[in-house]
Amino acid sequence: MTQDATTSFDIVILGAGSGGYACALRAAQLGKSVALIEKAKVGGTCLHQGCIPTKALLHAAEVAETARHGSSIGVDTSYNGVDMVAVNAYKQGVIDRLYKGLTGLVGSGGITTIEGNGVVVDANTVEVDGVKYRGTNLVLATGSLPRTLGLEIGGRVVTSDEALQLNEVPKRAVIIGGSVIGVEFASVWNSFGADVTIIEGLKSLVPLEDPVLSKGLERAFRKRK
């Protein structure tokens, strides 16, 4: 296919997650023509399967904890359990609102968004559904996937992606990995009434964070029942 103005850009970005769309917006602000290629939805893991949905769950968990312990500070509250279908609806509403704002921002910036699975064919070109998009510069922002450790995913064995879609709170949960994602789910499920065990191969939780923060988190978790 002959390259023309519709398929040639200053910058072609493969992946429209946090890194990809931030790069696209800044490049467009600097007057560059930008193609942003994404096989799923703009926003990537952070918006759809990571940071944002887990923060929505953490907020719901905080409300549950507040209701459960209101009497300890003289507030007459009652805790009658968690409706995960309703919690997930709240979570999805948060995602949808932010997604609408993000797509509007990307669209208003003059960025060309291409939906489809991009394949890098050379140092400057990405092919999507038979169409080649060439950039003076090519940015790879393809993100990551959950590690399964050789386990078959299904039933009671889930990754964080499936955990975000659960419509019931597990009675007991074992979480392999005590980094950010693991401790977020541990905190949420414990607040919702689950008995949670975290297995971490290194010496502390969130081992990539400052040791003071790690120790503080561990103390806070030990106090929770």
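The values are calculated or read from the model by the stated rules, or taken from the named source; none is laboratory data. These numbers were taken from a predicted model, which means no experiment stands behind them. Cβ: placed from backbone, ideal geometry, glycine included. Neighbour counts: every protein chain shown.
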Original post:
Counting residues that are closer than 30 Å to Val131 by Cβ and touching a residue at least 40 places away in the same chain (Cβ under 8 Å), which helices (runs of 4 or more DSSP H) fully inside the stretch 1-90 reach at least 3?
Top reply: 18-29, 44-48
Subject >> Meets criteria (outside the structural domain of Gly20 (by TED's automatic domain parsing), surrounded by 10 or more Cβ atoms within 10 Å (Cβ to Cβ) and at pLDDT below 95) for Arg156 >> reply: no
Original post:
Looking at Ala35, Ala5, Ala86, Ala27, which is the one that is aliphatic (A, V, I, L, M), more than 19 Å from Ala186 (Cα to Cα), modelled with pLDDT of 95 or more and loosely packed, with under 14 Cβ neighbours inside 10 Å?
Top reply: Ala86
Original post:
Here are some conditions: (1) out of contact with any strand residue (DSSP E or B) (no Cβ under 6 Å at 6 or more places or on another chain); (2) at pLDDT 95 or above. Tyr79 meets all but one. Which one does it not meet?
Top reply: (2)
Original post:
For Leu208, all conditions in the list (1) surrounded by fewer than 11 Cβ atoms within 10 Å (Cβ to Cβ); (2) under 20 Å from the mean Cα position of the chain (by Cα); (3) closer than 20 Å to Val82 by Cα; (4) not small (Gly, Ala, Ser) hold save one; what is the number of the exception?
Top reply: (3)
**OP:** Please find, among Glu184, Glu218, Glu168, Glu162, the residue that is part of a helix (DSSP H, G or I) and touching a residue at least 60 places away in the same chain (Cβ under 8 Å).
**Re:** Glu184
Original post:
Restricting the search to the stretch 51-74, which residues are surrounded by 14 or more Cβ atoms within 10 Å (Cβ to Cβ) and at pLDDT below 90?
Top reply: Arg68, Gly70
Original post:
Can we say Thr45 is surrounded by fewer than 21 Cβ atoms within 10 Å (Cβ to Cβ) and touching a Lys or Arg at 6+ places or on another chain (Cβ under 9 Å)?
Top reply: no
**OP:** Please go through the stretch 156-175 and pick out each residue that is among the hydrophobic types (A, V, I, L, M, F, W, C) and over 18 Å from the mean Cα position of the chain (by Cα).
**Re:** Val157, Val169, Ala173, Val174
